[in-house]
Amino acid sequence: MRLTDSDHNSLSASPDFSALAGPSTDHSNGHSNGFTKSSANGTGNGVLSKNRKAIARLSLPGTTLYDDMHVDREEYVRLVIQSLRDVGYIESAATLEAESGYVMEEAEVTDFRQCILDGLWSKAEAALIRLGVSEGDGLWEARFLISQQKYLELLEAKKITSALHVLRHELAPLDVDSEQLHTLSRRGHSDEVWNLEWSHDGLQLATASKDKTAIIWKLSYDMELLRTRWEARLILKDHPYPVGCLAWSKDDSVLLTSTENLIKMWNAKTGVCTKTLETHKETVTALAWLPDGTGFISGGLDRNIIHWDVEGNIHDKWVESSIRITDLAVSPDFSRLVSVGMQHLPIGNINEGITGREVQSGDAAAAGAAAARASENRMIIYDLTTKQVESSIRLEGELTSVKVSRDSRFALINHAPDEIHLWDLDAGQLSRKYTGQRQGRHVIRSCFGGYDGNFVVSGSEDSNVYIWHRDYGALLENLAGHGEGSVNSVAWNPTNHCMFASCSDDHTIRIWEASPELMFEKSLSLPQSSPTENGNGENGKGKTRQQWDTDGVEIGL
């Protein structure tokens with residue numbers, strides 16, 4: 001019995017119990033990971049319960065379903081039996097099996113399956129031997145999967161000590177590949193976390209990492225501790241390179257990820273990669289779903305902007321941009337597409353100086369410094385309907401991210417060194433600058449936040465998170481909490497206006513939350529003195545995270 005790679009992968013992420021359905025499904029003992037349990041009044045092996053009379057086998061002439069059809073009766077009945085089992089009608093399937101005489105599985109197979117469902121791990125291994133599984137037939141693979149399932153269920157039941165015992169004394173002695181053991185032993189990212197994005201319902205958070213994975217975290221409520229907690233629901237591992245961008249579909253059913261020049265489409269409920277898009281020739285640096293959910297747009301260092309439909313088919317390919325795109329955003333009112341990036345001037349062959357991986361890993365600014373005199377940075381604003389350029393504005397310094405405000409009026413641009421610019425898209429002019437954070441050679445991303453988008457939040461290379469008042473420019477908070485390294489990206493929860501998340505080079509994600517009273521107070525904060533031209537008022541400057549509560553919520557370890 002040799003199990004395929006898909007069998008290994010199906011157990012490497014936290015199981016999604018909500019996906020199991022069927023009128024006879026029973027999850028009462030917690031051992032439902034990936035299997036459908038038998039109902040309480042049936043054995044599930046073709047033998048009826050003690051309170052029911054035995055079913056007599058019915059003999060029918062011929063082998064076809066009907067005289068005038070060529071459908072094989074046995075094949076048809078077996079399909080019906082299997083379908084009944086799949087949806088949970090275990091006893092109905094057993095009745096049909098007994099009446100037709102078509103046995104779906106031997107008693108030994110049924111016994112093995114039931115041992116797995118009941119968590120009887122020692123008996124399950126003994127049942128393997130009775131099935132005749134030998135070393136050559138995949139006994140090692142089967143034992144590994146049994147121990148892995150045992151380990152995952154112990155983790156799910158919060159029996160950490162027992163789970164570690166299985167990991168050390170059952171899985172490790174099997175000489176499992178070290179990468180597989182490492183994946184099992186960690187519940188989060190093992191390298192720098194570069195990007196993150198909330199689902200539209202605010203209950204899930206997707207994170208992208210240098211470790212070549214994306215993780216979907218799910219918010220739940222611990223009734224015993226009376227607090228929220230986060231669990232790694234799905235680990236999306238099928239990336240050949242580090243993961244740079246993320247984007248949720250409007251209904252949160254699809255998650256997009258980018259890895260170098262590839263775009264992957266994932267079923268966000270099952271964790272299955274449904275499609276890989278390979279049209280871009282260089283690193284994909286931006287993914288954005290259209291506000292109406294009819295498709296999405298991608299941009300990359302190859303200067304291409306591509307409009308895709310919901311199935312991942314090319315709907316339209318725009319005229320090649322004049323800039324190597326580092327980020328783009330679509331306005332919520334569906335009127336504009338705002339892109340930022342670098343335009344190389346025709347002075348020698350300088351394109352070779354910067355690679356796509358340097359952009360995603362955060363070293364693009366350093367790599368681009370040598371070519372600064374032969375290039376310029378631009379924000380290009382397009383009419384989304386006509387795809388025509390509305391304006392192209394030259395800006396100084398590296399441009400690493402762009403976000404558009406909820407009212408579609410403002411664009412927020414991270415700008416190295418050490419500035420964030422707020423552009424009025426209607427007026428076509430710079431509205432405000434925010435300073436205090438550190439950004440020199442890494443890709444740092446910012447966002448709008450608060451009830452009316454009246455906060456500006458950004459990561460920083462000094463390991464802190466900075467919050468400003470959008471309209472007054474006052475620095476309200478300087479939040480410490482991450483370990484060594486840059487805080488690379490922040491994202492505000494779309495439904496909980498008091499919560500945002502940040503991710504860092506320290507391999508973790510932190511969830512920050514303030515009381516509604518504090519949020520209201522901060523939204524009304526006025527600078528003690530008039531803000532300077534760069535928007536850096538003195539009110540709130542130097543404040544720490546004391547008024548922001550992470551409540552120990554650090555996910556990713």
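The values are calculated or read from the model by the stated rules, or taken from the named source; none is laboratory data. Computed from a predicted structure; not experimentally measured. For neighbour counting, all protein chains shown are included, and Cβ atoms are generated from backbone atoms with ideal geometry for every residue, glycine included. Just the protein is used for accessible areas: all its heavy atoms, side chains included, with ligands, DNA and RNA removed. Shrake-Rupley method; radii C 1.70, N 1.55, O 1.52, S 1.80 Å.
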| task | Loop only per DSSP, at most 16 neighbouring Cβ atoms within 10 Å: give me the GluC sites (Glu not before Pro) in region 194-272, ordered by residue number. | result | E224
| task | Show the residues, 5+ positions off or on another chain, whose built amide H is closer than 5 Å to the amide H of T326. | result | V340, G341, M342
| message | Just to check I understand the Karplus step: with θ = phi - 60° and J = 6.51 cos²θ - 1.76 cosθ + 1.60, what whole-Hz values come out for region 304-309, glycine and proline as x? | response | 8, 10, 10, 9, 10, 8
| message | Residue by residue through region 76-93, what is 3J(HN,Hα) from phi via Karplus (6.51 cos²θ - 1.76 cosθ + 1.60, θ = phi - 60°)? Round to whole Hz and write x for glycine and proline. | response | 5, 5, 4, 5, 5, 4, 5, 5, 4, 5, 4, 8, x, 7, 5, 5, 4, 5
| request: Over region 270-335, with every protein chain in place, what whole percent of the accessible area is carbon and sulfur at 1.4 Å, could you tell me? | output: 50
| If you take the square roots of the eigenvalues of the alpha-carbon gyration tensor of region 372-488 and sort them as a ≥ b ≥ c, do you get rounded (a/c under 1.5), prolate (a/b over b/c) or oblate? | oblate
| request: Take V193, V71, V77, V319 and sort them by solvent-accessible surface of the protein heavy atoms, 1.4 Å probe, largest at the top. | output: V319, V71, V77, V193
| note | Expected vector for region 120-129, Karplus 3J(HN,Hα) from phi with 6.51, -1.76, 1.60 and θ = phi - 60°, integer Hz, x for Gly and Pro, equals 8, 5, 5, 5, 5, 5, 5, 5, 4, 5
| request: Within region 398-457, list the trypsin sites (Lys or Arg not before Pro) lying in a DSSP loop whose Cβ has at most 14 other Cβ atoms in a 10 Å radius. | output: R406
| note | Sorted by accessible surface (1.4 Å probe, heavy atoms of the protein chains only), largest first, T95, T385 come out as T385, T95
| query | Extension gain S162-D292, at 0.36 nm per residue separation less the Cα-Cα distance, in nm? | reply | 42.0 nm
| Once amide H atoms are built 1.01 Å from N in the peptide plane, which residues 5 or more positions from R432, or in another chain, come under 5 Å H to H? | L422
| request: Determine the shape class of region 52-93: with a ≥ b ≥ c the square roots of the Cα gyration tensor eigenvalues, call it rounded for a/c under 1.5, and otherwise prolate if a/b is greater than b/c, oblate otherwise. | output: oblate
| Accessible area, probe 1.4 Å, largest first, for residues E106, E170 | E106, E170
| request: Using a 1.4 angstrom probe on heavy atoms only, work out the carbon and sulfur share of the accessible area of region 388-534 in %. | output: 46
